[in-house]
Amino acid sequence: MNESTTLIDLLEKKGKLVAMIAPSFPIMFPYPAMITMLRKLGFSHVVEVAIGAKKTNEELVKLLKENPHARYITSPCPTIVRMIKKQMPQYAKYFPPNVDSPMAATAKIVREKYPGYRPVFIGPCIMKKYEANEDIPELEILVLTYRELSEVFSHFKISESSDTNDHFDLSEPGMTKLYPIDGGLSHSSGLIHQLSKEEIYVTSGKENIITALETFDANKHIRLLDILYCPGGCIGGPGIESTLTTDERKHRILEYTTQTSA
């Protein structure tokens, strides 16, 4: 399901497009070069998916406050969501109701802010394609991985360059840039401070999923399971092409967060 040809066609036809960039982008593309290159491609606007992550956090925090006995499995990860729904439906009851993923929340913001423009999500996750096409088709999100974006840059002969005046048209100065790191949701939402250590279970990596779900289901003291499928979080996504270690990838995200946060 390679969408690079679809994006190339839209760009050649001068389509009205908004790039929605997942916060793991610094692993492959430096800031602000990423924005400069996207504008050279022909994107009218470039926004940070961290703005949608803030909305996701707000909705989840509100649910936990309003329902002091509620227990939730965080749902930004489409791989976890699909695995549970299709293979372990007994755990689906723990998904928080009416909480959008950061991608969906950002697309809704884009639709409102830029009517008539198509949102293009660019990130590390292949499964986001299924989320866009099957779960929220009404938002008409085109999903590309960073690998696919590199193909588009190559097609149009866009080399790495940076204009220091370039910046996101919509950005979030807070800590939601940490989302791609395991535990990023818990930290950026402030829940790591609002709930006790025993009430939050953070994990990542496919080898840890079954144990985490069983432990969460059995231990009623755990109110939040902050879980991501890829090792280290979204920074380990298959749509990333990098020789950096997990620790080096985390460092790059933390460095970018520190550089651009208020």
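Every residue, every condition in (1) more than 14 Å from the chain's Cα centre (by Cα); (2) at pLDDT 95 or above; (3) closer than 13 Å to GLY52 by Cβ, yes or no:
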position: TYR91; (1), (2), (3): yes, yes, no
position: PHE95; (1), (2), (3): yes, yes, no
position: ASP100; (1), (2), (3): no, yes, yes
position: ARG111; (1), (2), (3): yes, yes, yes
remark   = Scanning the range 191-235 residue by residue, the ones that are without any contact (Cβ under 8 Å) to a residue 40 or more places away in the chain, assigned to a helix (DSSP H, G or I) and either more than 17 Å from ASN67 (Cβ to Cβ) or aliphatic (A, V, I, L, M) (or both) total 13
query = Would you call SER242 within 15 Å of the chain's Cα centre (by Cα) and within 24 Å of ILE80 (Cβ to Cβ)?
reply = no
key: Matching entry among PRO26, PRO30 (being in contact (Cβ under 8 Å) with a residue 60 or more places away in the chain, in a loop (DSSP other than H, G, I, E, B) and closer than 25 Å to LEU228 by Cβ)   = PRO30
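Look through the range 115-145, keep the residues that are surrounded by 22 or more Cβ atoms within 10 Å (Cβ to Cβ) and assigned to a helix (DSSP H, G or I), and return whichever of them is nearest to the chain's Cα centre (by Cα).
LYS128
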note = Restricting attention to the range 146-160, the residues that are of a type in the set (Ser, Thr, Tyr) and outside any helix (DSSP H, G or I) number exactly 1
remark   = Inside the range 64-87, the number of residues satisfying the requirement of being of a type outside the set (Asp, Glu) and farther than 28 Å from PHE121 by Cα is 7
message = Among (1) of a type in the set (D, E, K, R); (2) under 25 Å from GLU248 (Cα atoms); (3) surrounded by fewer than 18 Cβ atoms within 10 Å (Cβ to Cβ), there is one condition ARG82 misses while meeting the rest; what is its number?
response = (2)
query = Looking at ILE27, is it farther than 30 Å from ASN165 by Cβ and of a type in the set (A, V, I, L, M, F, W, C)?
reply = no
ask   = On the given criteria, is HIS45 surrounded by fewer than 19 Cβ atoms within 10 Å (Cβ to Cβ) and on the phi < 0 side of the Ramachandran plot?
value = no
ask   = In the range 91-104, which residue that is in contact with a helix residue (DSSP H, G or I) (Cβ under 8 Å, 6 or more places away or on another chain) and in a helix (DSSP H, G or I) is nearest to ASP135 (Cα to Cα)?
value = ALA104
request  = Could you give me the residue pairs with C-beta distances under 6 Å whose first residue belongs to the range 119-137 and is farther than 12 Å from GLU148 by Cβ, whose second residue is aliphatic (A, V, I, L, M) and assigned to a loop (DSSP other than H, G, I, E, B) wherever it lies, and which are 6+ apart or on separate chains?
outcome  = PRO119/ILE141; ALA132/ILE141
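The values are calculated or read from the model by the stated rules, or taken from the named source; none is laboratory data. Bear in mind that the values here come from a model prediction, so they are computed numbers and not experimental data. Every residue, glycine among them, receives a Cβ derived from its backbone with ideal geometry; neighbour counts consider all protein chains shown.
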